[in-house]
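J.: Below is one structure. I have some questions about it.
A short reminder: the numbers here are calculations on the coordinates, not readings from a lab. Nothing here was measured: the structure is a model prediction, and the numbers come from that model. Positions of Cβ are generated from backbone atoms using ideal geometry, with glycine treated the same way; all protein chains shown enter the neighbour counts.
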Amino acid sequence: MDGLLLNTEDLYEEVGKELLRRRGKEYRDEVRSRMIGLPAPKAFGVLIEHEGLHETWQELQRETDEIFESILEERLATMSGVEKLLETIENQGLPKGVATSSTRKFATRALGLAKIMKRMDFLVTAEDVKHGKPHPDIYHAAASLMKIAPEEMLVLEDSENGTKAGVAANAIVISVPNVHTQHGRFEGAHMIADTLHDTRIYELLTEASKSR
């Protein structure tokens, strides 16, 4: 979701800067890169460890949510290529869903504002599985909801941790890095696409629809 369907990674950067500004600190790129794609407890754990914060991850989560809410409606946008991608999947009659490290509350809110939630067959969050990304649990759950084997599932991921999760689940993974994740390692990915407009994504979708 974050950084692939929605521009929330851009907003997370603003929120992170404000969170640390209140504490007289800077939001460093090297810390942020370690957080991307992780479920909240682990992501905030990285922040707490590297910045020497005294709050719990739950307290930081609540404050983050408050800051996010103040900018979400005005600043939220879909990433380039999302509408075309969703239309193609729908026209080919393929199942689709979101598997995200965000909380269910935030994911539902953000996807709802972007008018994407109602178009999805399911939503799986880090709260729904025992182990979040980079573990494969969330993609095993997604495959189960689609009633297919993980090897038949196409996973689109923007982050290194998300790519690791998809690869560990034995899914076909296409990594689509953004400005925040472009320096990550995407080992095991079927391919790395510049954007969601990459024609190779559509070739795979066409193959999938023909094999149904």
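J.: Mean residue ellipticity at 222 nm from the helices of the chain, using -39,500 (n - 2.57) per DSSP H segment of n ≥ 4 over the full residue count, to the nearest 500 deg cm²/dmol?
T.: For the chain, the value works out to -14500 deg cm²/dmol.
J.: Length gain on complete extension for the stretch K115 to R23, per 0.36 nm per residue less the alpha carbon to alpha carbon distance?
T.: My answer for the length gained is 29.6 nm.
J.: Distance in nm between label sites at S70 and E49, each 7 Å beyond Cα in the beta-carbon direction?
T.: Here the answer is 3.0 nm between the modelled labels.
J.: Can you give me the distance in nm between label points at E63 and H183, each placed 7 Å from the Cα along the Cα-to-Cβ direction?
T.: Taking the simple label geometry, E63 and H183 are separated by 2.6 nm.
J.: Return, ordered by residue number, the residues of segment 160-182 whose backbone nitrogen is under 19 Å from a label point located 7 Å along Cα→Cβ of D194.
T.: Inside the label zone: 174-182.
J.: Beyond 30 Å, what share of the Cα-Cα pairs of the chain remains, rounded to the nearest whole percent?
T.: Looking at the chain, the distances longer than 30 Å represent 18 percent of pairs.
J.: Which shape class, rounded, prolate or oblate, goes with segment 8-75 when its Cα gyration tensor gives a ≥ b ≥ c as root eigenvalues, a/c under 1.5 marks rounded, and past that a/b bigger than b/c marks prolate?
T.: rounded
J.: For segment 91-163, which trypsin sites (Lys or Arg not before Pro) pass both filters: DSSP loop (anything but H, G, I, E, B) and at most 13 other C-beta atoms within 10 Å?
T.: Answer in residue order: K115, K130, K147.
J.: Count neighbours as other Cβ atoms within 10 Å of each site's Cβ, and list the GluC sites (Glu not before Pro) in segment 18-48 that are DSSP loop with at most 15 such neighbours.
T.: Hits after loop and neighbour filter: E26.
J.: Based on DSSP, what percent of beta bridges with both residues in the chain are antiparallel, to the nearest 5?
T.: Roughly 10 percent of the beta bridges in the chain run antiparallel, per DSSP.
J.: Tell me the label-point distance for the pair E83, T103, using the 7 Å Cα-to-Cβ offset, in nm and rounded to one decimal.
T.: 3.1
J.: A further question on this structure: How big is segment 94-212 in terms of Cα radius of gyration and Dmax, in angstroms?
T.: Answer for segment 94-212, Rg first and Dmax second: 13.7, 36 Å.
J.: Still on this model: Report Rg (one decimal) and Dmax (nearest whole number) for segment 108-161, counting Cα atoms only, units Å.
T.: 12.0, 32
J.: Also, I was wondering about something else. Which of rounded, prolate, oblate describes segment 147-212, given a ≥ b ≥ c as roots of the alpha-carbon gyration tensor eigenvalues and a/c under 1.5 marking rounded, otherwise prolate only if a/b is larger than b/c?
T.: Cα axes put segment 147-212 in the oblate bin.
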